[in-house]
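One structure is given below, encoded as structure tokens.
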Amino acid sequence: MSETPPMKIFVLGSGAGGGFPQWNCNCPNCRGLRAGTIQASSRTQSSLAISDGGTDWLLVNASPDLRAQLETCPALQPGRAVRDTAIAAVLIVDAQIDHTTGLMTLREHNKRLPVYCTPSVHSDLTSGYPLLNVLEHYCGVDWHPVDAIGGVSFSIPELPSIEILPVPLPGEAPPYSPRRHKPAKDDTIGLSFHDRESGRRCFYAPGLGEWTDPVLAEADRADCVLIDGTLWKDDELVDRGASQKTGQEMGHLAQTGSGGILDRLMQLDTRKILIHINNTNPILDERSPERKRLIEAGIEVACDGMEIEL
Ligand code: MLT
Ligand code: MN
Ligand code: ZN
């Protein structure tokens, strides 16, 4: 039997919007990281890259930190021509600033950029936040609609082994969206990556507002889950004096609380990794009691540069 190359995931950015430390934040984590008084690593904003053979890659979310992130993953710049990239396409899970602004960084692409996203995300990115319209004046974009409501799985031609199932996630639309507190089912999606060769699966949901049966089903059959690690507590931002917003209002289910992220994760018999971690979250401090609790529960915390092979 010939050996099949593993599905590879490279975490380009493990932080939530704002990154860690956030430019204007002096919460105990951000201050502690700058001063070197806590044990923690900086984190850029939310993005990952996935590949089947390691030659062609799908960029999943395009963060404002993209240019620097690409330099951390040599496989993404194979150097075969004067202008080159290993990024075959971009797939976006929501139209939030932290997941989309990096599209502007890709404007020098020497052909039209394939962008996969749902009709709701496409609508925001061509109206309230018209990045895709602007890109028409640079490389141009070929939009590939993702049907999450119909649950239609798809593949990127350059990554034929990976089947991608989009799953609607209850959450919120971006603050600028006309659907802010009345989101459509496909404003935020999770992605189930299935390697057809090896049969392995990874479920990725950086913006989970609520556990639903389809989400639990995907998480349950995955070999690895990368799940919303934004907040430890729902009122964490209020508590730290950072903002008036609760996790619920932003579409992020907190780790603690009944029915929270941890409650369900602990029931899963699979590799569990928190991702999209906000700078206020105490789990970022590697010596905190909260981090200790995760270690005891067998839950990992994603960091920039993390490589997962399945
Ligand atoms: C979020 O995940 O709630 C947003 O990305 C926050 C932001 O980028 O402003
Ligand atoms: Mn975000
Ligand atoms: Zn902070």
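Summary of computed values
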read-out	value
Efficiency of FRET from Cβ geometry, ARG271 and THR55, R₀ 22 Å, rounded to 0.05	0.30
Charge context of ARG200, other residues only, Cβ under 12 angstrom, K/R +1, D/E -1	-1
Whole-number accessible area per residue in Å² for the range 65-159, which is evaluated in the context of all protein chains at 1.4 Å	46
Two-site FRET efficiency, THR37 against THR246, from Cβ-Cβ distance with R₀ of 25 Å, rounded to 0.05	0.35
Global size of the range 52-130 as Cα Rg and Dmax, reported in angstrom	12.8, 38
The range 220-310: translational diffusion in µm²/s, Stokes-Einstein, Kirkwood Rh over Cα pairs, 10 °C, 1.306 mPa s	117
Evaluated over the range 179-237, the Cα radius of gyration and Dmax, each in Å	13.4, 43
Value in Å of the Kirkwood radius, where the range 1-137 supplies the Cα pairs that are averaged	16.3
Two-decimal ratio, the range 113-213, of alpha-carbon radius of gyration to 2.2 N^0.38 Å	1.15
Extension reserve of the GLU286-PHE154 stretch, reckoned as 0.36 nm per residue once the Cα distance is removed	43.7 nm
Computed over the chain: relative contact order in percent, which uses C-alpha pairs under 8 Å that are six or more apart	20
Over the range 264-310 - Rg/Rh using Cα atoms and the Kirkwood inverse-distance radius	0.96
Hull shadow area, averaged, the range 8-306 [alpha-carbon convex hull, nm²]	14.8
Additional length obtainable on full extension of the chain from HIS144 to LYS111, 0.36 nm per residue less Cα span	10.3 nm
Only Lys, Arg (+1) and Asp, Glu (-1) charged, at Cβ; the chain dipole about Cα centre in debye	640
Sites GLU307 and ARG180, calculated FRET efficiency, Cβ-Cβ separation with R0 30 Å, nearest 0.05	0.25
Sulfur and carbon atoms: percent of accessible area, the range 195-310 [1.4 Å]	42
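The values are calculated or read from the model by the stated rules, or taken from the named source; none is laboratory data. These numbers come from a predicted model, not from an experiment. All Cβ positions, even for glycine, are placed from backbone atoms using ideal geometry, and neighbour counts span all protein chains on display. Note: accessible area is taken over every heavy atom of the protein model, side chains too, but ligands, DNA and RNA are not part of it. Shrake-Rupley method; radii C 1.70, N 1.55, O 1.52, S 1.80 Å.
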